[in-house]
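**Student:** Got a structure here, written out as structure tokens. Questions coming.
The values are calculated or read from the model by the stated rules, or taken from the named source; none is laboratory data. Everything numeric here is computed off the predicted structure, so don't read it as measured data. Reconstructed Cβ throughout: ideal geometry from the backbone, glycine too, with neighbour counts over all protein chains shown. The protein model used for the area step is the full one, side chains on, heavy atoms only, and it has no ligands, DNA or RNA in it. Shrake-Rupley method; radii C 1.70, N 1.55, O 1.52, S 1.80 Å.
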Amino acid sequence: MTPSAAEAATRLATAALRHRRATLAQRLMDLAPAAVEAVDWDALDRAPDWLALPDAAFLILQARLGALLHLPAMRLWIDGPRLVAARALLGEAVFGDLLLQPESAMPFGLTPLARIESAAQVGPRLRAAGVAVLLAALPQGALRDAVCRALAPVEPARMTPELAETLIVRARALGQGA
């Protein structure tokens, strides 16, 4: 007897859920093993999808978010090394889209940002600012506590989870039109 399409779909969904849970649990255990004890399976099920991104994509998202926050300062850069570093980190399409973002739509001044004074600081400072936004997007609870410990010493940005989520959506959309 062959399983019905509904049974097959249920099995696939269950396997995908288990894989997502395992990916999230592994990321937290790798980054902050002591912080995982308070996180249960339900918390992992409610975790945002960005937390389960592969490492490279997770770092890219962090950099894009940081670039959105640093945009006013980046627009004033005239030195080649910082601009080259930002283009290399973000990619040409994302960098171009970033510069087209209207400043009036950006929530500036909500979180303290470290100045980026050299090309070597571009990646680390953009990613740190992005992590602050990601942390702000998480609701209070055991998962947020664990992720905050995992991504320390960065602290959540001073913004509502809704605003942080809006920035995450915008960061993910950068470069999509190219």
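**Student:** Could you check, for region 7-17, whether at least one of its residues is modelled with pLDDT of 85 or more, open to solvent by 90 Å² or more (accessible area, probe 1.4 Å) and acidic (Asp, Glu)?
**Tutor:** Looking through region 7-17, at least one residue is modelled with pLDDT of 85 or more, open to solvent by 90 Å² or more (accessible area, probe 1.4 Å) and acidic (Asp, Glu).
**Student:** Test ALA120 against the criterion of being at pLDDT 90 or above and open to solvent by less than 40 Å² (accessible area, probe 1.4 Å), and give yes or no. Give the steps one after another, and end with the answer.
**Tutor:** Working: at pLDDT 90 or above: yes; open to solvent by less than 40 Å² (accessible area, probe 1.4 Å): no.
Here the answer is no, as ALA120 does not meet what is asked.
**Student:** Being open to solvent by 60 Å² or more (accessible area, probe 1.4 Å) and over 22 Å from ALA114 (Cα atoms) is the requirement here; does ASP97 meet it? Show your work before the answer.
**Tutor:** Values: open to solvent by 60 Å² or more (accessible area, probe 1.4 Å): no; over 22 Å from ALA114 (Cα atoms): yes.
Considered against the rule, which asks whether it is open to solvent by 60 Å² or more (accessible area, probe 1.4 Å) and over 22 Å from ALA114 (Cα atoms), ASP97 comes out as no.
**Student:** I'd like to check something: does region 56-65 contain any residue that is open to solvent by 50 Å² or more (accessible area, probe 1.4 Å) and aromatic (Phe, Trp, Tyr)? Even if it seems obvious, please write down each step before you answer.
**Tutor:** So the first thing to find is which residues in region 56-65 are open to solvent by 50 Å² or more (accessible area, probe 1.4 Å), and the list is 56, 59-60.
Those still in the list that are aromatic (Phe, Trp, Tyr) too: none.
No: region 56-65 contains no residue that is open to solvent by 50 Å² or more (accessible area, probe 1.4 Å) and aromatic (Phe, Trp, Tyr).
**Student:** Can you find a residue in region 122-135 that is closer than 29 Å to LEU44 by Cα, over 13 Å from the mean Cα position of the chain (by Cα) and not charged (D, E, K, R)? Can you show your working first?
**Tutor:** Narrowing region 122-135 to residues closer than 29 Å to LEU44 by Cα: 123-135.
Subsequent filtering for residues that are over 13 Å from the mean Cα position of the chain (by Cα) retains 123-125.
From what is left, the residues that are not charged (D, E, K, R) are 123-124.
Checking region 122-135: at least one residue is closer than 29 Å to LEU44 by Cα, over 13 Å from the mean Cα position of the chain (by Cα) and not charged (D, E, K, R).
**Student:** Return the pairs, sorted by first residue and then second, in which the second residue is surrounded by fewer than 16 Cβ atoms within 10 Å (Cβ to Cβ), the first residue lies in region 146-166 and is hydrophobic (A, V, I, L, M, F, W, C), the beta carbons are less than 6 Å apart, and the residues are 6+ apart or on different chains.
**Tutor:** Pairs found: ALA150/LEU31.
**Student:** Give me the helices (runs of 4 or more DSSP H) completely within region 23-99, filtered to those with at least 3 residues that are under 15 Å from ALA128 (Cα atoms) and touching a residue at least 60 places away in the same chain (Cβ under 8 Å), ordered by residue number. Before the answer, list the steps.
**Tutor:** Numbers: elements: 41-46, 55-74, 80-90.
In region 23-99, the matching helices (runs of 4 or more DSSP H) lie at 55-74.
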